[in-house]
Amino acid sequence: MDWSKAKNILILIFIVLNVFLLAYSGIYTKNSNISKEALISTLNVLKKNGIVIDPMCNIPAYNKKIPMLMLESENNLTLTENSSFSYNDSNPAKYIDINNIKSIEKHSRDYLATLDKKISNFILDKYVKNPDETVTLVFTEKYKGFLVFDNKISVNVSKNGIENIASNIKKIKGFTKTPSVIMPAHQVLLKNFYNKKNMTIKSIDIGFKGFGSGEDEQESREAFQGPAWRITTDDEREIFLKAYDGEEIE
């Protein structure tokens, strides 16, 4: 008997069985807290298949019903990607330390305030150093504790000041009346990553994301976004997965 081959088959069976048991148990515990055992089992299954969870990343145990989010179908901020503009600081001698995140965030917020744009409900979601010695700050709106991933403002800054701003914002109208069951983060990870290799997951969070707009939505005054898990990998790639069924959002 080829023991090496038999061993690999047994390992594969073990992984598939674990995935099945975790998903099966999750069907009957939608309204309860996620146990530590389920999270640890998820980590073990992923690790055996080459998926690493960064030590600083916690798998959320969030497991509540969530409604859809209603927004106005039209953008409410004119600084869209198609109408981005260039801006240089009027005082180039005022050196900006682009390595000081707090300082550059304040500078960006102060300038956006001069445009009469209230972004107190936007958080600094991403800070990226670019090859051309500029940095990009991405501010994402937070609503009722959830990030609205598509409502964001990107600010590109050099040591001499703000060079470019791009924004795409829809006005939030509120939640729909009926919440629906979501797939917890550990089940979504198992569904999408247990058969992938050599990947490190840096962070996992939940928010709202558009699934695409059809003709009916374009003609309507309202747009709808559903809850989505955001998975960020070690190469800064963002993967969005529908929280209702775990399917990837293209």
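Please work out how much length the chain gains when fully extended from residue 36 to residue 181, using 0.36 nm per residue of separation minus the C-alpha to C-alpha distance, in nm with one decimal.
50.2 nm
Which distance in nm do the two modelled labels at residue 164 and residue 100 give, with both placed 7 Å along the Cα-to-Cβ direction?
2.6 nm
Stretched out fully, how many nm does the piece from residue 44 to residue 222 gain, at 0.36 nm a residue minus the Cα gap?
Working it through step by step, the gained length comes to 59.8 nm.
Let's test the formula: R0 of 35 Å, r as the Cβ-Cβ distance of residue 64 and residue 127. What FRET efficiency results, to the nearest 0.05?
Calculated transfer efficiency: 0.70.
So the label point goes 7 Å from the Cα of residue 118 along Cα→C-beta, right? Which residues of the stretch 159-200 then have their backbone N under 15 Å from it?
Inside the label zone: 171-173.
Run through all the Cα pairs of the stretch 127-230 and give the fraction in each 5 Å bin from 0, expressed as whole percent.
Computed distribution, short to long bins: 2, 9, 15, 17, 15, 16, 13, 8, 3, 1.
May I ask which of 102/129; 118/177; 152/197; 171/191; 36/191; 126/170 have a Cα-Cα span longer than 24 Å here?
118/177; 152/197; 171/191
If I model a spin label as a point 7 Å beyond the Cα along the Cα-Cβ vector, how far apart are those points for residue 248 and residue 142 in nm?
Going from the residue 248 label point to the residue 142 one covers 2.9 nm.
Which order do the peptides 58-71, 147-160, 97-110 take when ranked by the mean count of other beta-carbon atoms within 10 Å per residue, highest first?
Final packing ranking: 147-160, 58-71, 97-110.
Read-outs: derived from the displayed coordinates by stated rules, not from any lab. Predicted, not measured: the structure shown is a model, and the values here were computed from it. Reconstructed Cβ throughout: ideal geometry from the backbone, glycine too, with neighbour counts over all protein chains shown.
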